[in-house]
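Written below as structure tokens is the structure these notes are about.
The values are calculated or read from the model by the stated rules, or taken from the named source; none is laboratory data. Bear in mind that the values here come from a model prediction, so they are computed numbers and not experimental data. Cβ: placed from backbone, ideal geometry, glycine included. Neighbour counts: every protein chain shown.
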Amino acid sequence: MTLSPVFRSQDAVRLLGKHGVWTRLGSDMEAQAEAVRIVQADLRTLIAEQFLTEAPHVPSAAEATTPEGLYFLQEYFFLILFRSIFATIGVPEERLTLYTELNFCIKGTITAADNIFDDQAKTLLPLAPNTGARFMSILQLMSFERLLRRALERGRVKGILNGTQCDAIQRELLDRMALIGRLEGSEEEGVEEIPRPEVMLDSVHRIRGGDLFALAFAAPKVLEEGGLSEKLSAAEYSVAQLGTAFQIVDDLTDFEVDVNRRSNNLLVSQIHHHGSEEEKATLTRLRVGEGVPEGLVESLFLNSAASVLDIAYCEARAAFMGLAELGYWFDPSLAEQVVHAIVGLDGVLRMEALATGS
């Protein structure tokens, strides 16, 4: 699970556009783009030019409907959404700017760490191409750690926070990231026990997905007080539910990979504890190395997968209903469309099959 969604369901994207979602996020997209520009400019003061390449174009709000704008909106959708929520519940502009910069640094740190766990090579910084994906991920990790400190120092100079608060924010972030990372690390050699779905939901998905999304609230937890702090706590709970929903969807779309790696997966748990005898027997064979036939989730495992998707829907609806109670503008009736919109390419047909075949 990362903070980088990709909108593959064009029907869902069009429906969200029809309801004005992308238009409403336009100003927040521009603010997030400016934060990316600022942090990337910081990088050029921290490392020699020989390690850098030309920074990619960061679009303006007016370019939101262009290919570059849509790519940016997709890559940074969750950060843009978090900023929009912060603004709606009344976070002052100067601290809103700080949080926007910090959340880009958090996203970059998570992306680099995810690369190492999953042998990938995604980067959010204009680092010069080099051999060795792990080296590039480690360099990105070190860079974002320094960039986050630079953003905090900029806030300190502006009088937004003091040195003690800077330290407290870094401590809060590291504690939260360590909790998520400890879970990821526990699965490196695969897992033997398959917890019941309700147990896995609380012990895995609310950490891997929910706590991941809630990283956006680490700095506000330190800095905000009074009634605004109470609103942010309620918003954090809802955003964590949203992260849980998307982690569940990841389990559905990554079923084949997770079975092969013997990672925690909610569909595996659903089949193991509540599936038919045929489903359970098939799962046993898959977990000892038998390849997963194409279309198995949409055929034999259809009912179990549909039950898991319903859990994701419930988490997403509850998330947006909670945000609506705080005055957020997003219509909770569109929650399922957001879930459908943000899946990988292979997940589109699977999600459509589960939605129509259950």
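Quick look at the values:
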quantity	calculated
E101 vs. criteria part of a helix (DSSP H, G or I), of a type in the set (D, E, K, R) and crowded, with 22+ Cβ neighbours inside 10 Å	yes
Given (1) at pLDDT 95 or above; (2) more than 18 Å from the chain's Cα centre (by Cα); (3) surrounded by fewer than 24 Cβ atoms within 10 Å (Cβ to Cβ), number of the condition R262 does not satisfy	(1)
Residues that are surrounded by 15 or more Cβ atoms within 10 Å (Cβ to Cβ), within 23 Å of the chain's Cα centre (by Cα) and not aliphatic (A, V, I, L, M), drawn from the stretch 35-46	Q40
Residue match in the stretch 233-254 (condition: surrounded by fewer than 16 Cβ atoms within 10 Å (Cβ to Cβ), of a type in the set (D, E) and free of Cβ contacts under 8 Å to residues at least 24 places away in the same chain)	no
Close pairs from the stretch 308-323: first over 13 Å from P197 (Cα atoms), partner not in a helix (DSSP H, G or I), Cβ under 7 Å, at least 6 apart	F320/F330; L323/F330
Residue list for the stretch 131-154, restricted to those being out of contact with any Cys (no Cβ under 8 Å at 6 or more places or on another chain) and in contact (Cβ under 8 Å) with a residue 60 or more places away in the chain	L139, S143, R146, R150
Helices (runs of 4 or more DSSP H) fully within the stretch 197-277 counting 3 or more residues that are under 22 Å from I311 (Cα atoms) and of a type in the set (G, A, S)	226-253
Evaluation of D167 against (1) modelled with pLDDT under 95; (2) surrounded by 12 or more Cβ atoms within 10 Å (Cβ to Cβ); (3) not in a loop (DSSP other than H, G, I, E, B) (one fails), failing number	(1)
Residues being surrounded by fewer than 20 Cβ atoms within 10 Å (Cβ to Cβ) and touching a Leu at 6+ places or on another chain (Cβ under 8 Å) - total across the stretch 51-74	4
Test: residue in the stretch 116-127 that is without any contact (Cβ under 8 Å) to a residue 12 or more places away in the chain, over 16 Å from the mean Cα position of the chain (by Cα) and either crowded, with 18+ Cβ neighbours inside 10 Å or assigned to a helix (DSSP H, G or I) (or both)	no
Pairs, first free of Cβ contacts under 8 Å to residues at least 40 places away in the same chain in the stretch 192-208, second among the hydroxyl-bearing types (S, T, Y), C-beta under 7 Å, six or more apart	R206/T244
Boolean, A112 is touching a Leu at 6+ places or on another chain (Cβ under 9 Å) and within 16 Å of E34 (Cα to Cα)	no
Scan of the stretch 20-33 for residues that are touching a residue at least 60 places away in the same chain (Cβ under 8 Å) and either over 16 Å from T97 (Cα atoms) or not small (G, A, S) (or both), ordered by number	V21, R24, Q32
Of residues in the stretch 301-358 being touching a Pro at 6+ places or on another chain (Cβ under 7 Å) and modelled with pLDDT of 95 or more, the one nearest to E277 (Cα to Cα)	R317
Residues that are touching an Asp or Glu at 6+ places or on another chain (Cβ under 8 Å) and assigned to a loop (DSSP other than H, G, I, E, B), drawn from the stretch 298-321	L300, F301
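Residues checked against (1) free of Cβ contacts under 8 Å to residues at least 24 places away in the same chain; (2) more than 22 Å from the chain's Cα centre (by Cα):
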residue: S60; (1), (2): no, yes
residue: E68; (1), (2): yes, no
residue: F72; (1), (2): no, no
residue: L79; (1), (2): no, no
